[in-house]
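Please read the structure below before turning to the comments.
The values are calculated or read from the model by the stated rules, or taken from the named source; none is laboratory data. Nothing here was measured: the structure is a model prediction, and the numbers come from that model. Backbone-built Cβ (ideal geometry, glycine too); neighbour counts: all protein chains shown.
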Amino acid sequence: MGNYQELIFYQKARQVVKKVNALVKSWPKTMQAQEISRQLFRSASSVGANIAEGHGRHQGTEYIHYLIIAQGSANETEHWLHTAQDCSLDVNEEINEILKLNNEVVRMITATINTIRAKQGTKNIREEQEKYGVDPAY
């Protein structure tokens, strides 16, 4: 299966962390900026950590579990980047660059999950929505 460090989406996840680190160092020391910085760095660094941990499992189902967690952290990273824009931290060009790179990571993780699931014969991540009934007894 190789080393997780060879995975392109892991390498890109690390690039996101490096860019986030440089970004937050340039922000003012306001309460808002510091809170967004903490949350943003935590979520961005969690993406690569979950890719690495899941890769070490070498099991399709467990690996998928960690990839889904990594994908959730990447989505959270996107949220915090948008929050930084909403709070007018005035770094839109850098944020847009990080958003683009982060989106690449999400797409690559999704493709990997779908490939593993296809090999297992399970449903892809973007499955059709089912209609759910409501039990009138509740």
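Residue by residue, here is whether (1) over 17 Å from E104 (Cβ atoms); (2) touching a Lys or Arg at 6+ places or on another chain (Cβ under 6 Å); (3) modelled with pLDDT under 95 holds:
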| position | (1), (2), (3) |
| --- | --- |
| Y10 | no, no, no |
| I36 | yes, no, no |
| R42 | yes, no, no |
| H55 | yes, no, yes |
| H58 | yes, no, yes |
| T61 | yes, no, yes |
| A70 | no, no, no |
| W80 | yes, no, no |
| T83 | yes, no, no |
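For (1) closer than 19 Å to L99 by Cβ; (2) under 9 Å from the mean Cα position of the chain (by Cα); (3) not polar (S, T, N, Q), each residue gets a yes or a no:
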{"site": "L40", "(1), (2), (3)": "yes, no, yes"}
{"site": "N50", "(1), (2), (3)": "no, no, no"}
{"site": "E53", "(1), (2), (3)": "no, no, yes"}
{"site": "T61", "(1), (2), (3)": "no, no, no"}
{"site": "Y66", "(1), (2), (3)": "no, no, yes"}
{"site": "I69", "(1), (2), (3)": "no, yes, yes"}
{"site": "S73", "(1), (2), (3)": "yes, yes, no"}
{"site": "E76", "(1), (2), (3)": "yes, yes, yes"}
{"site": "W80", "(1), (2), (3)": "yes, no, yes"}
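Quick check: anything in region 11-30 surrounded by fewer than 14 Cβ atoms within 10 Å (Cβ to Cβ), under 16 Å from the mean Cα position of the chain (by Cα) and of a type in the set (D, E, K, R)?
yes
So that you can scan it fast, the table gives a plain yes or no per residue for (1) within 15 Å of A70 (Cβ to Cβ); (2) surrounded by 15 or more Cβ atoms within 10 Å (Cβ to Cβ); (3) at pLDDT 60 or above:
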| position | (1), (2), (3) |
| --- | --- |
| S88 | no, no, yes |
| L99 | no, yes, yes |
| I109 | yes, yes, yes |
| Q120 | no, no, yes |
| E130 | no, no, no |
| Y138 | no, no, no |
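Would you mind telling me which numbered condition in (1) over 18 Å from A49 (Cβ atoms); (2) small (G, A, S); (3) surrounded by fewer than 17 Cβ atoms within 10 Å (Cβ to Cβ) G72 fails?
Single failed check for G72: (1).
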